[in-house]
Amino acid sequence: MSAVVEVETDSPRVPRWKITPRQWVFVVLVLLGVAFVFWTYEALNFAPSSSRWPTFWPYDPNPPAHPLQQPYDPITDPAPLNSTANPGLTHTFVLRSWLDAKIPFVPLLAIPYLSFLALTPIILVLNLWMSSFRRFLTAGLALIVSQLVLDVGYLLFQTEVLRDTAAQEVVAQGGFGGTLVKMVWGNDAPFNGYPSGHVTWTTIGILGLWRLRKVIPKTAWILMAWMALVYPATVMLRQHYLMDVYAGLFVGFSCYWACMFLVERPRLVPKVDPHPWPGT
């Protein structure tokens, strides 16, 4: 893969890069790959029936009071947002802890949560325009690889977030916040929870912005602060549990650093000076 060429500009802190035709091909392929894995998320965002793994969990008509396995059937359940009301069975799990029950419901956090969809491609473009082709490739591949890792988890270990009655009542009342949350819930079913895709991609985006903090400091810090709001939004909008957040952080960091070492091959130790000062 050919190296990028730096072009002189009026501002020494804002380099621009001349992209070769071959690199433009990689840019298009990465963007198409990001769009494809986003589609895979949507394709897996449902509660699988017990027929997916017929011997994985036996049907239990009398589940315990707080089952990890959730009795939810999207076909016959009259209240799909209240899984405990249905005696059917699907392979979904609820990773709710005692601390999740104490987290407040904050509808206005739907604003940064929804803006995530627009900020992700913007961060990719900033890495390409303001930094280098290799950093763009690192961020783009990290998004693709991380989503494929998440998809394996969603396929084998599908989770469900139980949206409590109090939150549903707030949304039902309408208003600005309630309308925003209704948009979130209407376009993102309460599955595909572990690990959190929003947290994973947000982590990758923040890492990409962190590396731009000396090139475009104000823009980078503002966007990092704004994107950090996605972390509390995932649990305060009843889209995820805390366990999903922890796992998403791990996947995001791991995939970004793995792709960085693969693409950029950074030097782990400083280069030895062949002519050191005497006595050093």
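Any read-out appearing in this document is the output of simple, stated calculations on the displayed coordinates, not a laboratory observation. Treat the numbers as computed from the prediction; the structure is a model and nothing was measured. Neighbour counts are summed over all protein chains in view; Cβ atoms, including those assigned to glycine, are modelled from backbone coordinates with ideal geometry.
A few points about this structure:
- Local net charge near Gly140, Cβ-Cβ under 15 Å (Lys/Arg +1, Asp/Glu -1): +2
- Using the Cβ-Cβ distance between Leu117 and Asp164 with R0 = 25 Å, the FRET efficiency computed as 1/(1 + (r/R0)^6) comes to roughly 0.45.
- When each of Arg213, Arg238 is scored by the number of other beta-carbon atoms lying within 10 Å, the sequence from fewest to most is Arg213, Arg238.
- Sorted fewest first by neighbouring Cβ atoms within 10 angstrom, Phe176, Phe38 come out as Phe176, Phe38.
- Here r is the Cβ-Cβ distance between Trp98 and Arg213 and R0 is 35 Å; the resulting FRET efficiency, rounded to 0.05, is 0.40.
- Working from label points 7 Å from Cα in the Cα-to-Cβ sense, the Leu229 to Arg267 distance is 4.2 nm.
- Proximity of backbone amide H atoms, modeled 1.01 Å from N, is registered between Thr159 and Phe93, Asn192, Gly193, Tyr194 at under 5 Å, excluding neighbours fewer than 5 places apart on the same chain.
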